[in-house]
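Working notes, structure below.
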Amino acid sequence: MTYNRVPLALRSGTATFGVCVVGYMTANLIPLMIIVMVDELGMSSARAGTIMTMCLLACALTCLFVSRWATHASRYHLGRIGLVVMAIGFAGTAFSTTPVMATVFVIIGGVGSGGAVAVGGASLAAFINPNRVSSICGLVNRIVVTIVLALVPIVGLNMTNAFGIVAVLALAAAVTVTWLPMPPSASEESWETSSLKEVSSLSPRMMTVAGVTLLCCFALWAVGEDALWAVSGVMGQEQAALTDHQMGLALSLSTAGGIAAALALTVIGARFGRAIPVGVLLVAGGVLKLAATLSTSAIPYLAIIVAWNTLYVAAFIYIIAIAAGLDPSGRWSSSILGTYLIGSAFAPMFGTFLAETAGYQVLGVVLAAFSFVLLVPLVVIARLSTRVEKAHCEDRETQAFKAAPSDVLNAF
C-alpha cells in the first residue's frame, strides 16, 4: 500500500494553513517586537535584535529536531504541544517586566513555534498539487501578516499586544490540530519501497541526497535574499537618496507584490511545472539583486526592490512545493522552513559585513552569484520532485477523474 495525497478540503486546509502561518508569525512580527522591547524594557535595539535572533534559532533548531515526528501519526500531539508551548512562551513575554524574563519566555515561544512549523510543513505535503497548496498557504500568510501588522499599532504598540496576539493565535490554531491531514500509518509501506518502484531510475539514496541538498540550498538562498533585505534601507538612503517615506512605500508595495505573486501562483497551479519557473525566478532575482546595488536613483531603486521582493515570494513558494513534492509524508517539507530560518538568522550579519568591508557593488555581485550557483541544483531537484509526485498520484488521480471529474476539479 502507498501513501496517497488527498484533495484540499476546508477543514484540513484551515488547520494546515493556520498552523503554518501561526508557527511562522514571529519572524514576520520581529520589527514590532524589537520596538516594544526597546520602549518598555529599556534595552538597546542591538540586544533586542539578539534576543529575537535567539528566538528564530530556537524555532529553526527545534523544527529540524522534531521534523521526523511530524511525518507520522504523532504530528497531532506534536502540533498541539508546540502551539501550547508557543502560547505560554509569548503570553509570558507579553507580561514580562525585565529583560531576563522576556528572554526566557521568548526562547520558550521560539521552541514551541518550531514544533508548529514542522507540523505545518509536513502537512502541506499531504495534499494533491503541492504547487497550488503552497501558493494558497503563501497567500494566506501574506494576508494574515498584513492584517496583524496593521492591527497591532492600532490597538496599541506595546508588549501585551505585540506578543499577546501571537499567543492568542497559537491557542486558536491548537484547536484545529485534529483537522490536519492524516499522515502515513506505521503499517503502510514506505514510498521508497513502493511508489518509487514505478520509476526505476529513482532510489531511496538518491531521494535522500536530493532532500538534503534542497535543505542546504534553501538555507544558502535565504542568506542571499535576506542579506539584501537587511541592507536595503541603509543602501537606499546612502546610494539612491531614498527618503523614509519612499522606503515605507517600498515596504507597502512589496507586501502587495507578495500577495499578487501568491495569488497568481494559486491560479497557475502546476501548469508550468516547477523546474522552469524556479530557474526563471532565480535568474531574474539574481539580476535584480545586482541592479539594486548598482542603482543610484530613488525611483528606479524603489521599483527594483519591489520587483525583486515579488519574485522572492514566488521563488519561496515554488521551493516549498519542491520539498512537498519529494515526499507526501512531509519528510522534507517539515524541515524546509527550519533551514530557511537558520540562513535568514545569519543574513543580516553577512549582508552588513560585506557591504561595509567591500561595498554595495561587491555585495550585489556576491548575492547575484548565490542565485546563479543555486540555479542548477534547484532545477534538477525540482524535476525530480515532479517525477516523484507523478509516481505517487498518477493512478489515484486518473481513477478519481474517471469517477467524479467535478469533485476533483473542485478540490483545486
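Of everything in the stretch 356-394 that's of a type in the set (Asp, Glu) and closer than 20 Å to Arg132 by Cβ, which residue is modelled with the highest pLDDT? That would be Glu389. Applying the set (1) at pLDDT below 85; (2) crowded, with 20+ Cβ neighbours inside 10 Å to Cys217 leaves exactly one unmet item: (1). Residues that are free of Cβ contacts under 8 Å to residues at least 12 places away in the same chain and not charged (D, E, K, R) do occur in the stretch 278-288. Give just the number: which of (1) at pLDDT below 90; (2) assigned by TED's automatic domain parsing to the domain that holds Ile34 does Leu171 not satisfy? For Leu171, the failing item is (1).
Taking the stretch 324-364 as the search range and keeping residues that are in contact (Cβ under 8 Å) with a residue 40 or more places away in the chain and aromatic (Phe, Trp, Tyr), which one is farthest from Pro204 (Cα to Cα)? That would be Tyr360.
Within the stretch 297-323, residues that are in contact (Cβ under 8 Å) with a residue 12 or more places away in the chain and surrounded by fewer than 24 Cβ atoms within 10 Å (Cβ to Cβ) reach partners that are among the hydroxyl-bearing types (Ser, Thr, Tyr) and assigned to a helix (DSSP H, G or I) with beta carbons closer than 6 Å, at six or more positions or on different chains, in the pairs Val306/Ser254.
Could you look through the stretch 1-46, keep only residues that are without any contact (Cβ under 8 Å) to a residue 60 or more places away in the chain and surrounded by 15 or more Cβ atoms within 10 Å (Cβ to Cβ), and pick out the one that is nearest to the chain's Cα centre (by Cα)? The extreme case among them is Ile30. Taking the conditions exactly as written (part of a helix (DSSP H, G or I) and in the same structural domain as Leu157 (by TED's automatic domain parsing)), does Ser113 satisfy them or not? In short, yes. Within the stretch 102-125, the set of residues being of a type in the set (S, T, N, Q) and surrounded by fewer than 24 Cβ atoms within 10 Å (Cβ to Cβ) comprises Thr103 only. The sole residue among Ile147, Ile154, Ile128, Ile143 that is buried (at least 22 other Cβ atoms within 10 Å of the Cβ), modelled with pLDDT under 90 and of a type in the set (Val, Ile, Thr) is Ile128.
The values are calculated or read from the model by the stated rules, or taken from the named source; none is laboratory data. In this text, all values refer to a predicted model and were calculated from it rather than measured experimentally. Note that each Cβ is placed from the backbone with ideal geometry, even for glycine, and that neighbours are counted across all protein chains shown.
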